[in-house]
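Each remark here refers to the structure printed beneath this line.
The values are calculated or read from the model by the stated rules, or taken from the named source; none is laboratory data. Being a predicted model, the structure only gives us computed values, none of them experimental. For neighbour counting, all protein chains shown are included, and Cβ atoms are generated from backbone atoms with ideal geometry for every residue, glycine included.
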Amino acid sequence: MPDTTPCTTEPMGDKERSLIHALKQSYEQGDDQGVVSAYKQLTQLILNRVSGQNAKALQSEAADNFVPVGRFYEILGIQPLSSSRQVHVGYLRSIKKMLAARRAANGQERDFLARLEEICLAHDVLREPETRVDYDFRLLKVRGGGNALSDELDALETTIVPRSGKVHLKIGELLQSSEIIDMAELAAAVDMHKAMPEMLFGQFMVKSGFINQKQLDTVLEAQKLIGEGRITVAQFQAGMKAYKETGIPLLAFLNQEGFVDALQDSAQSD
């Protein structure tokens with residue numbers, strides 16, 4: 001079961017109180033730019049004080065203590081298939097609901113800040129392709145968690161950094177989260193690959209008959225799309241499931257569902 005422990009809230013400082021007041025006032029006045037400005041300043045304070053440690057945990061063995069684990073999509077009221085733009089819309093809606101609830105409850109400053117911390121953390125992790133990919137893979141137990149297969153996959157490949165230079169992906173991670181090979185086959189392939197460590201894992205999978213060249217090419221295509229922030233891990237999974245069941249090419253499925261175009265538009269508008 002995912003850990004749903006909320007973030008620990010320390011006493012609020014004067015700067016935070018001031019920014020929360022500004023955020024509330026801007027919202028009530030319909031000043032969207034004021035809301036965004038107050039949010040940016042407030043989230044920086046929060047991330048420095050609370051989530052700075054969590055952000056480091058995303059890249060360390062301590063990531064299992066990253067809180068709140070498994071709840072970021074729920075917090076923003078969105079789905080793993082949601083685009084980057086929908087993440088931001090979910091954030092704004094969550095802020096509005098939180099402010100409305102706070103007015104109805106006559107304050108509750110401590111609870112308000114704790115909730116705001118969760119919303120800001122969820123938004124900042126899911127908004128950026130690099131942290132979202134890492135977060136999604138950890139939810140799927142593809143990374144971290146002391147999983148033996150995950151550790152072996154991590155050890156056998158050199159991290160591939162796409163041209164964007166941001167999102168780090170490995171063929172083994174994508175195969176583990178796809179629908180084209182089951183976990184038992186993947187574990188067997190990882191073990192067999194130890195006898196041929198000089199061969200790239202993807203090529204070894206084809207040579208050994210675990211997957212065919214077309215399947216590898218499809219995963220490599222997905223690696224590029226995810227690495228460039230054009231699709232999410234969940235969208236990749238949906239595309240691979242469709243590819244396995246119907247044979248529809250990955251890019252054709254992504255275009256058909258509007259995933260690629262939606263994310264391209266989002267990147268241009270940010």
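Matching residues to (1) in contact with a Leu (Cβ under 6 Å, 6 or more places away or on another chain); (2) modelled with pLDDT of 75 or more; (3) not in a loop (DSSP other than H, G, I, E, B):
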| site | (1), (2), (3) |
| --- | --- |
| 79 | no, yes, no |
| 82 | no, yes, no |
| 102 | no, no, yes |
| 107 | no, no, no |
| 121 | no, yes, yes |
| 144 | no, no, no |
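Of all residues in region 217-237, those that are touching a residue at least 24 places away in the same chain (Cβ under 8 Å) and surrounded by fewer than 19 Cβ atoms within 10 Å (Cβ to Cβ) total 4. Picking from 69, 35, 50, which residue would you name as being touching a Pro at 6+ places or on another chain (Cβ under 8 Å), surrounded by 15 or more Cβ atoms within 10 Å (Cβ to Cβ) and modelled with pLDDT under 75? Being touching a Pro at 6+ places or on another chain (Cβ under 8 Å), surrounded by 15 or more Cβ atoms within 10 Å (Cβ to Cβ) and modelled with pLDDT under 75 holds for just one of 69, 35, 50, which is 69. Among the conditions (1) touching an Asp or Glu at 6+ places or on another chain (Cβ under 7 Å); (2) modelled with pLDDT of 70 or more; (3) among the polar types (S, T, N, Q), the only one that residue 43 does not satisfy is (2). Flag: residue 55 does not match the condition of being at pLDDT 55 or above and assigned to a helix (DSSP H, G or I). Restricting attention to region 238-260, the residues that are more than 19 Å from the chain's Cα centre (by Cα) and crowded, with 19+ Cβ neighbours inside 10 Å add up to 4.
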